[in-house]
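Engineer: Dropping a structure here in structure tokens format, bear with me for questions.
The values are calculated or read from the model by the stated rules, or taken from the named source; none is laboratory data. Keep in mind that what you see is a predicted model, and the values were worked out from it rather than measured. Don't worry about glycine lacking a Cβ; one is built from the backbone with ideal geometry, like all the others, and counts go over all protein chains shown. Calculation scope for accessible area: heavy atoms of the full protein, side chains included, ligands and nucleic acids excluded. Shrake-Rupley method; radii C 1.70, N 1.55, O 1.52, S 1.80 Å.
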Amino acid sequence: MLALLAARGEGRTIGPMDVARAIGGDRPEGWGPLMQPVRRVAVRLMKEGRVAILRKGRPVDPDDFRGVYRLAPPPGR
């Protein structure tokens, strides 16, 4: 996740599906089961200040968010 964010470049975001596909491949049976683990890692990394989870371009509460989200470098990095 962190490597994908770094490779994407400053100010760019990635989706959780990008992370899951990087690990599980392009077939849904490979990346699909990884979506919840990716979310759990994203939440942990946000709490550590290493990523930001965005919904509609705004940071979310990592303990209480739903729907489509994006991952970005944390503010100030």
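Engineer: With the requirement that a residue be open to solvent by 80 Å² or more (accessible area, probe 1.4 Å) and in a helix (DSSP H, G or I), what does the stretch 21-30 give you? Show your work before the answer.
Structural biologist: Step one: list which residues in the stretch 21-30 are open to solvent by 80 Å² or more (accessible area, probe 1.4 Å), which gives 21, 23, 26-29.
Arg21, Ile23, Pro28, Glu29 - these are the residues of the stretch 21-30 that are open to solvent by 80 Å² or more (accessible area, probe 1.4 Å) and in a helix (DSSP H, G or I).
Engineer: Among the listed residues Val38, Val68, identify the single one that is open to solvent by less than 40 Å² (accessible area, probe 1.4 Å) and among the aliphatic types (A, V, I, L, M). Lay out the reasoning, then the answer.
Structural biologist: Working: Val68 fails: open to solvent by less than 40 Å² (accessible area, probe 1.4 Å).
Just one listed residue meets the conditions, Val38.
Engineer: Additional query: Just for the stretch 41-52: of the residues that are in contact (Cβ under 8 Å) with a residue 40 or more places away in the chain, of a type outside the set (Gly, Ala, Ser) and assigned to a helix (DSSP H, G or I), which one is surrounded by the most Cβ atoms within 10 Å (Cβ to Cβ)?
Structural biologist: Keep residues of the stretch 41-52 that are in contact (Cβ under 8 Å) with a residue 40 or more places away in the chain, which gives 41-42, 45, 50-51.
Within this subset, residues satisfying the condition of being of a type outside the set (Gly, Ala, Ser) are 41, 45, 50-51.
In the following step, the residues that additionally are assigned to a helix (DSSP H, G or I) were identified as 41, 45.
On the way: Val41: 17, Leu45: 19.
Among them, the one singled out is Leu45.
Engineer: Next up: Mind telling me which of the residues Asp63, Asp18 ends up being touching a residue at least 12 places away in the same chain (Cβ under 8 Å), loosely packed, with under 10 Cβ neighbours inside 10 Å and of a type in the set (D, E, K, R)? Write out each step before concluding.
Structural biologist: Working: Asp18 fails: loosely packed, with under 10 Cβ neighbours inside 10 Å.
Going through Asp63, Asp18 in turn, the sole match is Asp63.
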